[in-house]
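Enquirer: Structure below; questions to follow.
The values are calculated or read from the model by the stated rules, or taken from the named source; none is laboratory data. The model shown is predicted, which means the values in this text are computed figures rather than measured ones. FYI the Cβ positions are ideal-geometry reconstructions off the backbone, even for glycines, and counts take in every protein chain you see. Please note that ligands, DNA and RNA were not included when accessible areas were found on the heavy atoms of the full protein model with its side chains. Shrake-Rupley method; radii C 1.70, N 1.55, O 1.52, S 1.80 Å.
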Amino acid sequence: MGDVIFAPLYELLKKRGVKFEYFHQLQNLEPSLNEQGERFVEVIKLQQQVTLKSDAEYQPLVDVKKLPCWPSEPLYAQINSEQAALLKQHNINLT
């Protein structure tokens, strides 16, 4: 389903300027109230799980028979080499 639904949706949103940040874990949501007394999330705190090899954006899709597809695991070649080795060695799932 990811290849049929989410890969095209990701590509469309990307073309429309949506910025995606990968490898972040939610640490906390801080609620607040607006002037009308309605609740909303004021602060979202994230923790970066790994660093990339370069300042370039993570490219999550791979080509399979000329179709963009989501891989079953992170694309380790784009992740800091030491961190990628530890992820593989300890079979760490970043989801």
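Enquirer: Local charge sum around E30 (other residues, Cβ-Cβ under 14 Å, Lys/Arg +1, Asp/Glu -1)?
Expert: Spelling it out: positives minus negatives among the neighbours equals +1.
Enquirer: Then there is this: Hey, what's the per residue convex hull volume over the C-alpha atoms of the chain, in cubic angstrom?
Expert: 155 Å³
Enquirer: Determine, for the chain, the count of lysine pairs separated by eight or more sequence positions (or lying on different chains) whose alpha-carbon distance falls under 21 Å. Please list the in-between numbers first.
Expert: Values: K14/K66; K15/K66; K19/K45; K19/K53; K53/K88.
Pairs that pass both the separation and distance tests number 5.
Enquirer: Continuing with this model, one more query. Could you work out how far the C-alpha centroid of segment 33-82 sits from that of segment 1-24, in angstrom?
Expert: 10 Å
Enquirer: Place a label point 7 angstrom from the Cα of V64 along the Cα-to-Cβ direction, then list the residues of segment 4-43 whose backbone nitrogen is under 14 Å away.
Expert: Once the point is set 7 Å along Cα→Cβ of V64, 4-8 turn out to lie under 14 Å by backbone N, inside segment 4-43.
Enquirer: Let me ask something else about it. Rolling a 1.4 Å sphere over the protein heavy atoms, what is the accessible area per residue of segment 45-95, to the nearest Å²?
Expert: Averaged over the residues of segment 45-95, the accessible area is 78 Å².
Enquirer: Further question on the same structure: Give the accessible surface of segment 1-42 per residue, rounded to a whole number of Å², with probe radius 1.4 Å and ligands, DNA and RNA excluded. Intermediate values should be presented prior to the final figure.
Expert: Details: 3670 Å² over 42 residues.
Roughly 87 Å² per residue, with all protein chains present.
Enquirer: Of the accessible area of the chain, with the probe set at 1.4 angstrom, what percent is carbon plus sulfur?
Expert: Values: 4090 of 7790 Å².
Using a 1.4 Å probe with all protein chains present, the chain comes out at 53 percent carbon and sulfur.
Enquirer: Using the Cα centre of the chain as origin and beta-carbon charges of +1 (Lys, Arg) and -1 (Asp, Glu), tell me which of Q49, N28, Q89 is placed farthest towards the positive end of the dipole.
Expert: With unit charges placed on the Cβ atoms, the residue in question is Q89.
Enquirer: Nothing charged except the Cβ atoms of Lys and Arg (+1) and of Asp and Glu (-1): what's the magnitude of the dipole of the chain about its Cα centre? Round to the nearest 20 debye.
Expert: 360 debye
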